[in-house]
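So the structure is just underneath, and the comments pick up after that.
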Amino acid sequence: MESNHKNLLFSVLPDEDVLNQCIHCGLCLTTCPTYSLTQFERSSPRGRIKLINAAAKGEIEIGDTFAYEMNFCLDCQACETACPAGVKYGSMVEAARVIVQDSKLNSILRRIIRKITMKIVISKRLLKIASRILYFYQNSGVQKVLHRSRIINLIFPKLSEIDDLSPKVSKKFSSELIPEITLTENKVKHKAAIHLGCFMDVMFANINKDTIDVLSLCGCEIQNPIEQVCCGSLPGHNGDYESARKLAKKNIDAFERLDYEFLIVNSSGCGAFMKEYAYLLRDDPSYSEKAKVFSSKIKDILEFVNNELGEINFNKLHDKITYHDACHHVHTQKIINEPRNILKAIPDLDVNEMNESTWCCGSAGIYNIVHYDDSMKILERKMDNIKKTGASIVLAANHGCLAQLQYGADKFHVAVEVIHPVSLIKKALQKTTE
Amino acid sequence: MENSVKEKIKRIVGERNYSDSYEDRLCYSYDATALLHQLPEAVTFPENEEQISSLVKLANETKFNIVPRGSGTGLSGGSIPVENSIVIVMTRWNKILEVDTRNLTATVQPGVITANLQSEVEKIGLFYPPDPGSMNVCTIGGNVANNAGGLRALKYGVTKNYVLGTEMILPNGDLLKTGGKNVKDVAGYNLRDFVVGSEGTLGIITKILLKLIPLPSESITILAYFDRLHDSAESVSEIIAAKILPCMMEFLDNTTINCVEDFTHVGLPRQSEAVLLIEIDGRGSIVNEDAETVKNILLKNHASFIRVADSINEALLLKTARRSAFSALARRRPTTILEDATVPRSELPIIIEKVTEAGKKFNVTFGNFGHAGDGNIHPTCLTDERDMAEINKAHKAFDFIFNEAIKLGGTITGEHGTGLAKKQFLEKVAGIPGVEMMKKIKQSIDENNILNPGKIFSISPRCEGSLPFRREQIKDFQN
Ligand SMILES: Cc1cc2nc3c(=O)[nH]c(=O)nc-3n(C[C@H](O)[C@H](O)[C@H](O)COP(=O)(O)OP(=O)(O)OC[C@H]3O[C@@H](n4cnc5c(N)ncnc54)[C@H](O)[C@@H]3O)c2cc1C
Ligand code: SF4
Ligand code: SF4
């Protein structure tokens, strides 16, 4: 059993050298949200690397503590940014998760939620059905009744809180609103394609719509193939590489027939993951080359707008805003200056840097559901930093962050509007054209 | 360790502050020192002085060892467990208890992160200068125990220059208080300075009173590029000789420049043989005048380019880049053995050449960087611990460097402490009477040798520090 684990761990690691790169200098410790919560070395990047290393060498058995710590990690990758030695922590923890994911070591709650969410995101049809049901639940009064009657608390005490964590389902999904091809009224400067995402599609249809509008205002013709699917990051980050690869191939196929310069993504997690398709499919003879091309064309909407800054004129905006760096932007894709350049370019906008803007908000996929209490402590710290800026708007470029921050604003009574930067950009662009 | 003893320890600190799981023992088996590690028997997080005192007393009664630990960024093995030991982790003692703006002091618990204290006091115009490369992570307690230096030591001195007082649990469980807010105090021996640099061998520090100074208002940060290593070292000696005291003069060689640039992308010159990062701070026009003099000296010594940071932010980026040097070198090879040789500043050009010579002679790769203004360099051997032959060569190269440093009137460690890693060289620097005196001090304070035994020197030389408490070991020894 144990040596199986060992072999499995090796088989999912990129190579053995990743294991030996950490020189245990500790420079990553204070950037780690989980270490900051517990002050236990085993909840720190350095400690986890030691544990993974020991497991790979067969020195320790993979037991409850190991599984717990691997799942307790937010996979926010703040430690990768902090690590001067270039340790690829993310690939190690994701490899470790492959081993613990389905074993008895995973809590029942975690396994059930994971199974359900994975099943749902992987199948577009299921996602839409589930979202319809959720929409009905959120809007028909059933949710209110359940909450008021406290039935939900009886069934499962945490569920009532978790229930609120789910963002509101959009009335119409963006895939229903956005045509296969959107033409621009302006001169065509770029041929673009867009990835609508899974959650973005059903929960944040308006943001997808705003993205289309911004692209169109910037002179893009936008293609939206209906065959596109979820990017696969959720299964990928939770150790289910097989599903992730399947989804990746579907997306590659969906966009292959199109003629486009770049593929725009507006959720940092999806963008980060699709930029890594080349790596994900590196050993697949029929897809490795296609994946390279696909990944090289992925462009975050903020990268795009930043490149266009010379070409566009923003109108004045008088909002007082602050910016939250999504982990998959700042730590994974190293997108950090782009949003700031854009915000600086909007006249009169009152931009306030929050303290610890790159500190995770605690959303992290399904983390806020399976580690609700820890996630809330992390969120509280974030909301506190937002509050201190006095801003009335907080920007976040990831669906998870958006939902989490919205929940935080309600829970911790912070009077702040949570919006995606693209919606603000649209506002600044539209006025000029009016 | 017997289970009954573990039970007693658990009772003292409480269940949630105790662990002897294999995972936790593993996670406290190392610090930042290369090659060394050992499992403790248990890990504890005591909450107050009474608990620490009880642990120490129990250790004397039942014969186990205690290893105090901060953030575990030490580079001489100070917080690596010894045999039959428990670790006392102090990171949760992280409160700044008082900032006294009338006496310019701060009272802190030992687990406060150095950079956190700095940013707190800087908010009110005060300054705590010691800034080890690890300042975002290391604890004040660890700094005091190791008498840590930093980039600004050139002008502002090291940790000991800022410690006004300490509280420490002694190996018999008593609480020792030293020093106080008085600027002058000559009542009896200066016990405070025994505490500073004691590396966790004389007691467990529980409270620290620190001196603060006014925050300098101006600073200029300069990065000078050199095509020859020697020129950079000569510049340093000449700047010192010109009676100018920059607050830092840091040096990076070509290997280090490239590794740091790979990590930070701050635009370091990849082709240069060396760079010097110099900061001049103070008040008023003097800062500018000194900066001009420094630039002239750099040019005279063939600096190929001089970059002046044009914003506080750029200056910060350059300094942060320098702080990452040690860890960034690990991008090359998985094991980085770093040393801490220090020579009088006038001898800097010679020791830098000796490092290059050592690399060639023993066929190992060095990255070299350090606090050039202090004559304190960090030759770092880039190697792989799985390759024993190469590790042996590295050790030989370091022997060579240490001997050369001592010949130049230098020392084996400027700031990282002796710990485990450098104790074999201690006698060469401190001399036999010096080491004998240290041992006597240790023995008179820690009769049973329970606190961090085997660090700095061995009282019982036959096994690394820890006395053979267990029966099977005693038998071994009799054979
Ligand atoms: C990247 C990097 C850069 C560094 N740069 C510098 C530098 O520029 N200058 C420098 O001087 N050092 C430097 N260091 C070394 C190290 O950071 C310092 O020695 C620091 O003081 C250690 O603090 P710590 O909290 O990590 O202590 P630890 O490593 O945990 O412990 C260090 C020693 O202090 C003892 N100790 C800790 N807490 C207590 C306590 N409360 N009571 C009694 N004893 C205690 C331990 O037993 C041990 O002997 C660097 C290290 C790294 C990894
Ligand atoms: S992951 Fe990087 S920063 Fe963290 S301990 Fe290892 S080498 Fe140091
Ligand atoms: S990914 Fe985030 S939570 Fe996980 S170890 Fe790194 S910093 Fe900590």
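Of note:
- For chain B, accessible area per residue (1.4 Å probe, heavy atoms of protein chains only), Å²: 41
- From the alpha carbon centroid of the range A:343-366 to that of the range A:302-334 is 10 Å.
- Above-threshold pairs, the threshold being 25 Å between Cα atoms, out of B:LYS63/B:LYS95; A:LYS382/B:LYS95; A:LYS191/A:LYS292: B:LYS63/B:LYS95
- Förster radius 45 Å - calculated FRET efficiency between B:LYS361 and A:LEU309, Cβ distance, rounded to 0.05: 0.20
- DSSP-defined antiparallel bridges as percent of all bridges, the range B:3-89, nearest 5: 20
- Diffusion constant of the range B:273-326 at 20 °C, which comes from Stokes-Einstein with the Kirkwood Cα-pair radius and 1.002 mPa s, µm²/s: 171
- When the alpha carbon gyration tensor of the protein assembly as shown is reduced to an equivalent ellipsoid, its three semi-axes come out at 50, 34, 27 angstrom, largest first.
- Rotationally averaged projected area of the range B:61-182 (alpha carbon convex hull; nm²): 8.3
- Using alpha-carbon coordinates, inclination of helix B:348-362 to the longest axis of chain B, degrees: 70
- For the range A:2-98, the alpha-carbon coordinates run over 34, 26, 19 Å along the three principal axes, in decreasing order.
- For the peptides B:376-385, B:128-137, A:333-342, the ranking by packing is B:128-137, B:376-385, A:333-342, with the highest mean count of neighbouring Cβ atoms within 10 Å listed first.
- Between 0 and 90 degrees, the angle of helix B:426-445 with respect to the longest Cα principal axis of chain B falls at about 40 degrees.
- In chain B, helical runs assigned H by DSSP with n ≥ 4 each contribute -39500 (n - 2.57); averaged across all residues and rounded to the nearest 500, the mean residue ellipticity at 222 nm is -11000 deg cm²/dmol.
- Mean Cβ count within 10 Å, highest first, over the residues of peptides B:444-453, B:55-64, B:203-212: B:203-212, B:444-453, B:55-64
- By average C-beta atoms within 10 angstrom, highest first, the peptides A:281-287, B:166-172: B:166-172, A:281-287
- Ratio of Rg to Rh for the range B:244-283: 1.08 [Cα atoms; Kirkwood radius as inverse mean 1/r over pairs].
- Globularity ratio of the range A:174-305, using Cα Rg and 2.2 N^0.38 Å: 1.00
- For q = 0.09, 0.13, 0.21, 0.22 Å⁻¹, Debye-computed log10 I/I(0) when each Cα of the range B:122-254 counts as one equal scatterer: -0.36, -0.69, -1.25, -1.32
- Two-decimal Rg/Rh across chain B, once Rg and the Kirkwood Rh are taken from alpha-carbon atoms: 0.97
- Buried surface between chains B and A: roughly 2700 Å² of accessible area, summed over both sides, computed with a 1.4 Å probe on protein heavy atoms only.
- Share antiparallel - DSSP beta bridges, the protein assembly as shown, percent rounded to 5: 65
- Equivalent ellipsoid of the range A:312-433: semi-axes from √(5λ) of the C-alpha gyration tensor, largest first, are 25, 15, 12 Å.
- For the cross-link pairs B:LYS319/B:LYS354; B:LYS319/B:LYS423; A:LYS316/A:LYS426; B:LYS155/B:LYS177, the ones whose C-alpha atoms lie over 22 Å apart are B:LYS319/B:LYS354; B:LYS319/B:LYS423; B:LYS155/B:LYS177.
- Working note: Cα atoms of the range B:146-201, range along each principal axis, descending, whole Å: 37, 26, 15.
- Working note: Debye formula, equal point scatterers on the alpha-carbon atoms of the range B:188-267, no solvent; log10 I(q)/I(0) at q = 0.12 Å⁻¹ is -0.72.
- With a 10 Å cut-off around each Cβ of A:77-88, the average count of Cβ atoms from other chains is 4.
- Of every Cα-Cα pair in the range B:290-379, the percent that sits beyond 20 Å: 52
- About the Cα centre, charge dipole magnitude for the range A:276-434 (Lys/Arg +1, Asp/Glu -1 at Cβ), debye: 160
- Within-9-Å neighbourhood charge of B:ASN254 [Cβ basis; K, R +1; D, E -1]: -1
- 18 Å tail of the calculated P(r), the range B:3-89, as % of Cα pairs: 37
- Principal-axis tilt of helix B:388-407 within chain B, Cα atoms, nearest 10 degrees: 70
- Shielding by partners - mean other protein chain Cβ count within 10 Å, residues of A:36-43: 5
- Cβ neighbours within 10 Å from other chains - mean over B:73-80: 1
The values are calculated or read from the model by the stated rules, or taken from the named source; none is laboratory data. Please read these numbers as outputs of a predicted model, since none were measured by experiment. Neighbour counts are summed over all protein chains in view; Cβ atoms, including those assigned to glycine, are modelled from backbone coordinates with ideal geometry. Heavy atoms of the whole protein, side chains included, go into the accessibility calculation; ligands, DNA and RNA do not. Shrake-Rupley method; radii C 1.70, N 1.55, O 1.52, S 1.80 Å.
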